[in-house]
Amino acid sequence: MGSDPVRTSAIVAAFVLGLTPALAQQPSPPAEPQQQQQQEKAQQTPSGKMGKEEPGSHAETAKPQGSAALINGALAVPGAPTDTDTIPAKFLDKNAADDRLITVAYTFKLLNAEERYAIYQALKGQPAGTASKADIGTELPLSTELRTVPDEIVVRVPQTKGYQYTVAGNQVLLVSPSTRIVVGVFSDSK
């Protein structure tokens, strides 16, 4: 008689599977007396009874003391700045507005008033296409003519290198050439 590998595999599988439940039902070996006492003691505690939570998990949290290092995300020491970028937006409207800016516009938001005014003054009279007024983040149509920011502006405000511009009424719009998205709006207000 030849052996049938499929039949042999089925018999082995049935044997193994038949033993598994029997092994699982075997009682665990008796614990040492000291270990058994610890288990019984643990089962008598409030956390050991039917999976209840630890009693300390709902304890009152300590209220912040008057000498906290941070208050609403701001450093609470004398002379510390009160309107930094590290303060969460929920506590400072300026940071909430910054969070809504598109990433490339943040570079030009950081320019000081003098740099912003210099860009406007230098570009408002330059030959440029005209556009309708647009806000930061607006994509300009292909029909809007864009000019490269002149080198004399790039020397004064290096962040403008590689950008283009157009004039819209009394505003100069700085535009990302690859996307045609307005990244900066400059006007005559300092």
Among (1) modelled with pLDDT of 75 or more; (2) over 18 Å from Ser187 (Cα atoms), the one test that Ala118 misses:
(2)
Out of Leu140, Leu173, Leu146, I need the residue that is over 33 Å from the mean Cα position of the chain (by Cα) and modelled with pLDDT of 85 or more. Which one?
Leu146
Can we say Val154 is part of a helix (DSSP H, G or I) and modelled with pLDDT of 90 or more?
yes
In the range 140-156, anything under 20 Å from Glu114 (Cα atoms) and buried (at least 18 other Cβ atoms within 10 Å of the Cβ) is listed as Val149, Ile153
Checked against (1) under 29 Å from Ala134 (Cα atoms); (2) at pLDDT 75 or above, Leu75 satisfies every condition except (1)
Residues located in the range 158-175, provided they are surrounded by fewer than 20 Cβ atoms within 10 Å (Cβ to Cβ) and within 17 Å of Leu110 (Cα to Cα):
Pro158, Gln159, Lys161
Here is a list of conditions, (1) surrounded by 13 or more Cβ atoms within 10 Å (Cβ to Cβ); (2) among the hydroxyl-bearing types (Ser, Thr, Tyr); (3) part of a loop (DSSP other than H, G, I, E, B), and Ser178 meets all of them except one; can you say which number that is?
(1)
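The values are calculated or read from the model by the stated rules, or taken from the named source; none is laboratory data. Since the structure is predicted, the reported quantities are computational estimates derived from the model, not experimental observations. Virtual Cβ from ideal backbone geometry, glycine too; neighbours counted across all protein chains shown.
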